[in-house]
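The structure appears below as structure tokens.
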Amino acid sequence: MDVTFRIRRFNPEVPGKNKPYWQEFTVKNVEETDRVLELLHRVKWEQDGTLTLRRACAHGVCGSDAMRINGVNKLACKVLVRDVGTKIQIEPILGLPVLKDLVVDMEPFFDHYRSVMPFFVNDTPVPADGRERRQTQEDREKFDDTTKCILCAACTTSCPSFWANGHYVGPAAIVQAHRFIFDTRDEGWKERLEILGEPNGVWRCRTIFNCTPACPREIQVTKAIGEVKLAIQQRKREGIATPVGPIAVGNG
Amino acid sequence: MTSLVLTLTETLRYRGALGQWSWVLHRITGLGVLLFLVLHVIGVSWAVFFPELWEKEILIYQHPLFTIGEFALTACVIYHALNGLRIGILDYNPKWWKHQQQAAIYVLIGTVVILIPTFILMFQHVLKHYQSPEAPFIVSLAFIAEAQFPFLVGIVVAAVAAVLVSSVVGLFTGGGRASADKNARQSHHGSQLERFWWRFMRTSGILIVPLVFGHLILAHIVQGVFEINLINATIPGVPVNEALGMLANGINNSGTAVEYVAERWNFFAGPVAIWRLYDAALLALVTVHGFNGLRYVLTDYTQGSPLLRRAMGYLCAMGAVALLVVGTLALLGTIDQTMVDMARAAQDAILAGG
């Protein structure tokens, strides 16, 4: 079968093309089990070498190929043709400056990520046996969901609050903070709650739920943000986070 | 990051789930209700300060355009209430995330289910009005424009004043973006104010729902806006008691909107003027909830400019204070027979002139 792509192009260096424009490509002999990323490769390799996009592992782990596919944020490497049909519209993710075609400047996103102290904080001496700090399985499960984030920015750039206001820390940074706030071994949680309690922290979240279906890892993003809000409201972290458990309904 | 126009158009282009459209509707309905709230509070306060203007206002509310607006307003209130409850419940129970999509559908269904009988009942009043033996009086569009123009001017003046104050504050604090960003990087103190507002929006919302539904039932279903200045009509929520004075007997003897207000505010259950108390609670909660909601919307889209961001905050604060002051003064005021007579004379003049 044939697949028609409608791709949002932008190249600041070429006169006449330094405004975003749409370009169509037709790719022939496509299997319905082909991934969108492979077809974008075929466009680039067989038709137009200037098409610019990011990808690395191509297996949904590195998080570099988030883009807007048929209007919704997805990872191109995790979407099959049969999931999206034979007319596919591709745009860069929204809310970050577009550098070229599908490549956006991720620095503002990583600035927000770094702002929430996304690292383990515990200055107490290691246990006497010199081995790991122990934790019950139940306690581990409370933040298991938010350990899955691959920083692809699909959630943050699906958020209307972030589109309107790039100062908003955004869903992904809150997910990363959640992973440490609710880790019983971590001691930096109070400071993180202060950071996220700022006006452009969690309070910009309007519980819209766009981030949840956008996550290619099926993280319950809005739930995680909600738990961080409650932790700030109640000034504690005990008894707030609940395990997600098996996903009963797909995020999409 | 992106310009306002781009943000708005892309918001509509992104194919988000139902939650995105619920949010768009929540904002639109909230803004709609707030706009009418401003007109309404100032309008009712005129019953105390400028009786003839309140009489005019009610005649305007009876214009077909405002009847359409009244139906839209009712729909806005009901959707905003139900969707607000959904958001509040999910915010306090993140573990119920599985049900959010379903809940958004229930909100839409609930809105329609409540609206159908509400609209039917409201429409009875419209029918009754237009089927009355004497042809209903309809004010001209020019009349409406002239009467509503000051509101428009007021809003524009408030917006300009907010920007001016913000620029002055900016001059004195050197309040450019650079300093704001620097502060943000240096110290981290969660905003107690935002923490409070988040809780306030949810708790006030829950308190507002029964109050505003009660208000809608009395003023739009039990009686429509057409009966507010109907001569000898009874006043909903005020028992008829001929023994009491003309302005407290539960009957609109003069057929003026001013007496309608007086009747309700003069009704005492024991020592308590319950309708004044009811309206005071509604005024305080809805005004603060509404203007904080407006601040949320306006500051969402003005983060790029410290000047505008501050201005939007001032605008909302000014609006809330102005409305609270005007409303409170009116609720504390008295309406006497001379004012009712003035209203009657104004009404007669308009009806004769029309």
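The values are calculated or read from the model by the stated rules, or taken from the named source; none is laboratory data. Since this is a predicted model, take the numbers as computed values, not measurements. Note: ideal-geometry Cβ built from the backbone for every residue, glycine included; neighbour counts use all protein chains shown.
Give me the residue from segment B:1-54 that is over 19 Å from the mean Cα position of the chain (by Cα) and among the charged types (D, E, K, R) and, out of that set, nearest to the other protein chains (Cβ to nearest Cβ). Per the criteria, the residue is B:ARG15.
Taking the conditions (1) farther than 21 Å from B:ILE87 by Cβ; (2) modelled with pLDDT of 95 or more in turn, A:HIS178 satisfies each one other than (1).
Within segment A:14-23, track down each residue that is touching a residue at least 12 places away in the same chain (Cβ under 8 Å) and either of a type in the set (A, V, I, L, M, F, W, C) or exposed (fewer than 10 other Cβ atoms within 10 Å of the Cβ) (or both). Full working, then the answer.
From segment A:14-23, those touching a residue at least 12 places away in the same chain (Cβ under 8 Å) are A:20-23; that's our starting set.
The one that is touching a residue at least 12 places away in the same chain (Cβ under 8 Å) and either of a type in the set (A, V, I, L, M, F, W, C) or exposed (fewer than 10 other Cβ atoms within 10 Å of the Cβ) (or both): A:TRP22.
Residues in segment B:12-56 that are touching a residue at least 60 places away in the same chain (Cβ under 8 Å) and among the basic types (Lys, Arg): B:ARG27, B:LYS56.
For the condition within 30 Å of B:PRO117 (Cα to Cα), part of a helix (DSSP H, G or I) and at pLDDT below 95, B:ILE221 qualifies. Within segment B:298-346, restricting attention to residues that are among the β-branched types (Val, Ile, Thr) and within 14 Å of another protein chain (Cβ to nearest Cβ), which residue is nearest to B:LEU171 (Cα to Cα)? Taking the candidates together, the pick is B:THR302. Restricting attention to segment A:56-77, which residues are surrounded by fewer than 20 Cβ atoms within 10 Å (Cβ to Cβ) and away from chain B (no Cβ under 14 Å)? Passing the criteria: A:ALA56, A:CYS57, A:ALA58, A:HIS59, A:GLY60, A:VAL61, A:CYS62. Only a single item in (1) away from chain A (no Cβ under 14 Å); (2) surrounded by fewer than 20 Cβ atoms within 10 Å (Cβ to Cβ) is not met by B:ASN292, and it is number (1). Can you pull out the residues in segment A:69-106 that are out of contact with any strand residue (DSSP E or B) (no Cβ under 9 Å at 6 or more places or on another chain) and over 21 Å from A:ARG8 (Cβ atoms)? Within segment A:69-106, just A:ARG82 meets the criteria.
Residues that are buried (at least 21 other Cβ atoms within 10 Å of the Cβ) and of a type outside the set (A, V, I, L, M) number at least 3 in the following helices (runs of 4 or more DSSP H) confined to segment A:186-245: A:211-214, A:221-234. The single condition from (1) aliphatic (A, V, I, L, M); (2) on the phi < 0 side of the Ramachandran plot; (3) within 13 Å of chain B (Cβ to nearest Cβ) that A:MET117 fails is (2). A:ILE93 meets the conditions (1) in contact with a helix residue (DSSP H, G or I) (Cβ under 7 Å, 6 or more places away or on another chain); (2) within 30 Å of A:GLN23 (Cα to Cα); (3) modelled with pLDDT of 95 or more; (4) in a helix (DSSP H, G or I) in every case but one. The failed one is (4).
Which members of segment A:124-168 meet the condition of being away from chain B (no Cβ under 14 Å) and either under 30 Å from A:VAL98 (Cβ atoms) or under 17 Å from the mean Cα position of the chain (by Cα) (or both)? Give the steps one after another, and end with the answer.
Here is the first cut: in segment A:124-168, the ones away from chain B (no Cβ under 14 Å) are A:124-140, A:144, A:147-152.
Residues satisfying the conditions are A:ASP144, A:THR147, A:LYS148, A:CYS149, A:ILE150, A:LEU151, A:CYS152.
Look at A:THR146 and say whether it is in contact with a His (Cβ under 6 Å, 6 or more places away or on another chain), among the β-branched types (Val, Ile, Thr) and under 24 Å from A:GLY201 (Cα atoms). Yes: the conditions hold for A:THR146. If we scan segment A:22-43, do we find a residue that is closer than 25 Å to A:SER158 by Cα and within 14 Å of another protein chain (Cβ to nearest Cβ)? Yes; the residues of segment A:22-43 include at least one that is closer than 25 Å to A:SER158 by Cα and within 14 Å of another protein chain (Cβ to nearest Cβ).
Kindly evaluate A:PRO171 against the criterion of being away from every other protein chain (no Cβ under 11 Å), in contact with a helix residue (DSSP H, G or I) (Cβ under 7 Å, 6 or more places away or on another chain) and either in contact (Cβ under 8 Å) with a residue 12 or more places away in the chain or not in a loop (DSSP other than H, G, I, E, B) (or both). Spelling it out, A:PRO171 is indeed away from every other protein chain (no Cβ under 11 Å), in contact with a helix residue (DSSP H, G or I) (Cβ under 7 Å, 6 or more places away or on another chain) and either in contact (Cβ under 8 Å) with a residue 12 or more places away in the chain or not in a loop (DSSP other than H, G, I, E, B) (or both). For segment A:189-198, the criterion of being over 24 Å from B:ARG202 (Cβ atoms), facing chain B (nearest Cβ under 7 Å) and either in contact with a Gly (Cβ under 9 Å, 6 or more places away or on another chain) or among the basic types (Lys, Arg) (or both) is met by no residue. When restricted to residues that are of a type outside the set (A, V, I, L, M, F, W, C) and crowded, with 17+ Cβ neighbours inside 10 Å, segment A:90-117 contains 9. Cβ separations smaller than 6 Å between residues 6+ apart or across chains give the following pairs from segment A:200-228 residues that are within 8 Å of chain B (Cβ to nearest Cβ) and under 11 Å from A:ALA154 (Cα atoms) to residues that are of a type outside the set (Asp, Glu) and part of a helix (DSSP H, G or I): A:ASN210/A:SER158; A:ASN210/B:GLN20; A:THR212/A:VAL221; A:THR212/A:THR222.
The numbered conditions (1) under 17 Å from B:LEU90 (Cα atoms); (2) more than 8 Å from chain B (Cβ to nearest Cβ) are all true for A:ARG185 except (1). Condition test on A:THR4, is it in contact (Cβ under 8 Å) with a residue 60 or more places away in the chain, over 24 Å from the mean Cα position of the chain (by Cα) and either outside any helix (DSSP H, G or I) or in the same structural domain as A:CYS159 (by TED's automatic domain parsing) (or both)? Against the criterion (in contact (Cβ under 8 Å) with a residue 60 or more places away in the chain, over 24 Å from the mean Cα position of the chain (by Cα) and either outside any helix (DSSP H, G or I) or in the same structural domain as A:CYS159 (by TED's automatic domain parsing) (or both)), A:THR4 qualifies.
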